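Below is one structure, written out as structure tokens, with a few remarks after it.
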Amino acid sequence: VDLSAAHGRTGALLLDPSSITIGAVADVDGNSTPGDDVSGDIDSSDFGTAASMITAANVSALLNTVDLSLAATGDILVSQPITKTTGSATTLTLYAGNKLDIHSPISGAPGSPLNLSLESEGAMSTTAAITTFGGSVSMIAGFGMAGGITLNGDINAGTGTVTMAAHAGETQPSGAIT
């Protein structure tokens, strides 16, 4: 996917199925035939009832050049590491209509900051490190139903800011926030 612009700001990509797993296997349309990874714009009506699986490798590659928004009406699970390795600052937005679970690291790189906007209408939990190399982190949970933020992985934003808010639950940080 090339969302660059010859004159102006790069484009953004939005995905919006019923649930998303960011892992090692791709099946973006949820038809149980692996191999079809995200390759362009996907409207919520394209795979509205799908349980989409996309690869962390492709998400990482996209973040090197563009902002990426992944929204699901249900859950989002990060089960493989997401690592932005090059390029100027970009933003990864994950929005879950139910719960958001981060079980693998999410990272920028030196000189390539990654901003994170993480939102869930229900609970949010992290069991892995988040390292943004100067990017900001925003975590908002429980604004649609009961749910708080459980932080069991460290967050290192360097010179970036970290904001956490749980509207209908507790924020329980046991990981370090720097």
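The values are calculated or read from the model by the stated rules, or taken from the named source; none is laboratory data. If you're wondering where the values come from, they're calculated on a predicted model, not measured in any experiment. Backbone-built Cβ (ideal geometry, glycine too); neighbour counts: all protein chains shown. Ligands, DNA and RNA are stripped out before the accessible areas are found, and what is left, the full protein with its side chains, is counted by its heavy atoms. Shrake-Rupley method; radii C 1.70, N 1.55, O 1.52, S 1.80 Å.
For this structure, a couple of remarks:
- Filtered by the rule that a residue be under 15 Å from Ala26 (Cα atoms), touching a strand residue (DSSP E or B) at 6+ places or on another chain (Cβ under 6 Å) and of a type outside the set (S, T, N, Q), segment 69-87 gives Leu70, Ile76, Leu77, Val78, Ile82.
- Only listed residue being open to solvent by 10 Å² or more (accessible area, probe 1.4 Å) and in a strand (DSSP E or B), chosen from Gln172, Gln80: Gln172
- Flag for Leu118 being open to solvent by less than 30 Å² (accessible area, probe 1.4 Å), more than 27 Å from Met145 (Cβ to Cβ) and either among the small types (Gly, Ala, Ser) or modelled with pLDDT of 95 or more (or both): no
- Residue match in segment 130-147 (condition: in contact with a His (Cβ under 6 Å, 6 or more places away or on another chain) and either at positive phi or of a type in the set (Gly, Ala, Ser) (or both)): yes
- Scanning segment 84-97 for residues that are open to solvent by less than 60 Å² (accessible area, probe 1.4 Å) and in contact with a Leu (Cβ under 9 Å, 6 or more places away or on another chain) yields Lys84, Gly87, Ala89, Thr90, Thr91, Leu92, Thr93, Leu94, Ala96.
- Residues of segment 106-127 classified as closer than 19 Å to Ala165 by Cα and of a type in the set (Gly, Ala, Ser), total: 5
- Residue check, Asp75 of a type in the set (Asp, Glu) and modelled with pLDDT of 95 or more: no
- Number of the exception - Ala128 against (1) of a type in the set (A, V, I, L, M, F, W, C); (2) buried (at least 22 other Cβ atoms within 10 Å of the Cβ); (3) closer than 22 Å to Ala26 by Cβ: (2)
- Some residue of segment 62-73 being in a strand (DSSP E or B) and of a type in the set (Val, Ile, Thr): no
Residue by residue, here is whether (1) under 19 Å from Ser69 (Cα atoms); (2) open to solvent by less than 30 Å² (accessible area, probe 1.4 Å); (3) in contact with a Ser or Thr (Cβ under 9 Å, 6 or more places away or on another chain) holds:
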| position | (1), (2), (3) |
| --- | --- |
| Lys99 | yes, no, yes |
| His103 | yes, no, yes |
| Met124 | yes, yes, yes |
| Gly134 | no, yes, yes |
| Gly142 | no, yes, yes |
| Ala157 | no, yes, yes |
